[in-house]
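Nothing in this text is a laboratory measurement; each read-out follows from the coordinates by a stated rule. As the structure is a computational prediction, the values presented were derived from the model and not from experiment. Methodologically, a virtual Cβ is constructed for each residue, glycine included, from the backbone with ideal geometry; neighbour enumeration extends over all protein chains shown.
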């Protein structure tokens, strides 16, 4: 016989739940739904309903009820079917916790003896509490609280009497008596429960009649998700599974992530908005479905509602069916899945030029009927000003990842347009070429070598002999313009390819590869070439944002982490122990290129590894400030490729870099202040490029930067003061070549003279440029 004392410490198989850092539920994983509750939190009417139909003498018998058995047999004979159970609630507890459902005399005898023992060990309320939390109630719900949510989307306290009676009627046959699968049978069973409650004096005649006349149907409700962050939930699920195995699904783990709801919502909206804007620039691809063309589809209001419900799967856009096109008033009326009619104004759909290909769109439409037909199933969303806008599911994809640079905590993560469109998490699982987003690491290698950032190189057409391929290579700027002598600061701010190529040759490819390792980026042998300076290196957005955090936090390499703690039964069973970046701590790095350290400084155990000196990190971050604000504030007069970030956000503390790969396959923007580092990527999952729209070519500044700025504008809103990066005292301002800039001790200047007049095209013969004249 089992030890009944175990019931005093019973734990229920409850699903794993994933939460944001501010306590919002973002995911639930586990085969069965269970929400354990104390008996005091279960409404009296709920307790009475179960007692009435399952065991009305529960508080009178000692575990076995002979009177109840005789009464059940009489009812069974008179009605030809049992309407009352012969087993007591205590017997059901014994069976549910200790026995199988096999119908043998041995099992029944065990059940009787265990029931008597349970009554000796536990109080009646404790037995009833176990029963109401354990009982199977259909649709994988176990216990009354889970059933209340699965069937009605409510907490126990909010259930009506009719709903309570329906749930109480389920134990007899939960698969066939539930109000989702069999609303008619559920209603009949409810009638019996209410009748028993009336007979026992638990309810009045008026309560009985009102509850008996309630609607009987229900719809399935999933977990009560409070924050839609499915990419985050999935990564946290995998973490818990790796740490605790399959038990993670049943042990009731509460997994708390590092993301907070404000940042996550900002990131999700930014990705949605950026991809929607990109998609609309490239034209309308027409509705995929017109209800008039669906074979064997009867156009009724109920059928249309069902069709719309089946297609309502995305977070921001929702389906509607075009019911009326009004060309005269330039609007369209649509039907929603709730049956309501809404109107799309012309302002919300005039973007719908015909899509021809990624590089071509047709003429702008003049009226709604140019691109819509009655019966079209379309998607729309509500704009910031509350108006409806025509949309479509983008074919391109995007990703956004944000870290806290102080310890690597992931503040927000969006792995694609929508988890229901694609579960592939591009933040972690996708490695793409970085384009100019990689250039800051080459400039950092130059700073490590002691090259002053106001050194000058010449932006001019370049022709180089590639010994490996034994061909001439003629790299080009984008746009194809060459502007002569400029400082390194201007070269990075304007993303000049020629300057980056000359700079990596100054540093040396091997030295650059070794330097990049400090940021956690391993460059494969095949990519250790001069074009590495232009971003042929492939990394994931997570790797890239981690690398950029080194510039933001004073030179420390932090490790990204998503799960802050895991609790079980109110006890913390796992807690993250991140290494901390502290730029106010004495500088340990004394030689950036060889990464020599000052051994006299005793670093705390929780300190992250310092891979750049504070001064080095500040200078590179300040170069990245010029990408956004131009040369203002130093002694330069130029604009940067990321200037839109300043205008869109209104912030004064941003640093960042655009990135576009060959043929516009990938668009990037990585940026930061002292609070937050974020990387945005846009592209297709295949070899398709982002192309051109009627407004011009896509790229980092035009396609990815708006996602970053939308995110930062919302996550670091006007209530968040500027988070500036402090200048270390060893960084001073000096003038070289007539230009002021920040320098480190021991810095030397490189000054290159032009070989000829700078030109704006590659038609100039550059074959006479020798290696000596380049350097």
For region 304-357, projected area of the alpha-carbon convex hull averaged over all directions, nm²: 4.9 nm²
Nearest-ten-degree value, helix 439-448 long axis tilted from longest Cα axis of the chain: 60 degrees
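Is region 408-547 best put as rounded, prolate or oblate by its Cα gyration tensor, with a ≥ b ≥ c the root eigenvalues, rounded for a/c under 1.5, and otherwise prolate when a/b is larger than b/c, oblate when not?
In terms of gyration-tensor shape, prolate.
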Out of (i) 1.10; (ii) 1.14; (iii) 0.97, which label holds the value of Rg/Rh (Cα atoms, Kirkwood Rh) that was computed here? (i)
Rounded, prolate or oblate: pick one for region 120-264, where a ≥ b ≥ c are the square roots of the eigenvalues of its C-alpha gyration tensor, a/c under 1.5 means rounded, and failing that, prolate if a/b is larger than b/c, else oblate. prolate
Report relative contact order for region 285-391 in percent, whole number only (criteria: Cα-Cα under 8 Å, sequence separation at least 6). 31 percent
In cubic angstrom per residue, the convex hull of region 426-743 built on its Cα atoms measures 162 Å³
Region 509-556: relative contact order as a whole-number percent, Cα under 8 Å and 6+ apart: 35 percent
Give the angle, between 0 and 90 degrees and rounded to the nearest 10, that separates the Cα long axis of helix 89-98 from the longest principal axis of the Cα atoms of the chain. 50 degrees
Once the cut-off is 15 Å, how many percent of the Cα-Cα pairs in region 463-535 end up in the long-distance tail? 59 percent
How many angstrom lie between the Cα centre of region 88-110 and the Cα centre of region 332-377? 63 Å
Order of 705, 200, 676 under a 10 Å beta carbon neighbour criterion, fewest first: 200, 676, 705
Below 8 Å, C-alpha to C-alpha, sequence gap of six or more: please give me the relative contact order for the chain in percent. 12 percent
Return one number: the angle in degrees, 0 to 90 and rounded to the nearest 10, between the long axis of the Cα atoms of helix 705-715 and the longest principal axis of the Cα atoms of the chain. 50 degrees
For region 223-381, what class follows from the C-alpha gyration tensor (a ≥ b ≥ c being the square roots of its eigenvalues): rounded when a/c is under 1.5, otherwise prolate if a/b is larger than b/c, else oblate? prolate
Taking the C-alpha atoms of region 624-680, convex hull volume expressed per residue in Å³: 87 Å³
